[in-house]
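Written out below as C-alpha cells is the structure these notes cover.
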Amino acid sequence: MYSIKAEGNFSSAHNLRGYKGKCEELHGHNWKIEVVVAKDRLNKTGMVLDFKFLRQKLNNILDKLDHKYLNNLSYFKKVNPTSENIAKYIYDNLRANIAGIKSVTVWENNTSSATYEE
C-alpha cells in the first residue's frame, strides 16, 4: 500500500451548540488539515496522485471555509461544527473528486486533532 499526505489550512470562527463550557461561545481557530490518499498501485507516472492536484482540490474546499463563521454555512446549520464533523465534511467533499481518500485530520491547535476515515 502506498500513501501520500498533503496539508492545508484555513481560519474560521465557530461555536459548539449543546456544549457547556468555553467552546459554546463564539471563538476562532487557525485550522491545519492533513489529507492522506492511499492506493495499492501507483499510476503510470509512479505516483499515488499528483500532490499539486490533491492540494488544488483540498484548497477549493478550504476556500469555502476560510474566514467564515462555520455555523452559518448550510452544512453546519444541521451538523455541529466540531473538529470531528469538519474532518468528515472535508473527507466527503474530497471523496467526490478523488479516489483513495484514506483519512482527513483536522488540527484546531498544536496539541488537539480529530481524524475521520472510513
Checking the range 1-88 for trypsin sites (Lys or Arg not before Pro) in a loop per DSSP with at most 10 other beta-carbon atoms within 10 Å yields K20, R41, K44
Which value in Å is the Kirkwood Rh of the range 2-117 over different Cα pairs? 14.7
Could you state the number of Å between the C-alpha centres of the range 75-113 and the range 1-57? 7
If each of N43 and Y2 carries a label point 7 Å out from its Cα toward its Cβ, how far apart are those two points in nm? 1.0
Which angle between 0 and 90 degrees, to the nearest 10, do you get for helix 83-95 versus the longest principal axis of the chain when only C-alpha atoms count? 40
Within the chain, how many Lys pairs sit with Cα atoms under 18 Å apart, leaving out pairs fewer than 8 places apart on the same chain? 28
To test your reading of the geometry: what angle, between 0 and 90 degrees and rounded to tens, separates the Cα axis of helix 51-65 from the longest principal axis of the chain? 20
Can you list the GluC sites (Glu not before Pro) in the range 1-84 that are in a DSSP coil and have 12 or fewer other beta carbons within 10 angstrom? E25
Loop chymotrypsin sites (Phe, Trp or Tyr not before Pro), the range 1-89, which have at most 13 other Cβ atoms in a 10 Å radius of their Cβ (DSSP): Y19
Rounded, prolate or oblate, given the Cα gyration tensor of the range 72-118, with a/c below 1.5 counting as rounded? oblate
As a check on your grasp of the helix formula, calculate [θ] at 222 nm for the chain: sum -39500 (n - 2.57) over DSSP H runs of n ≥ 4, divide by the residue count, round to the nearest 500. -8500 deg cm²/dmol
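Taken together, the values in this text are just the output of simple stated rules run on the coordinates, not laboratory data. All figures in this text were calculated on a predicted structure; none of them were measured in a lab. For neighbour counting, all protein chains shown are included, and Cβ atoms are generated from backbone atoms with ideal geometry for every residue, glycine included.
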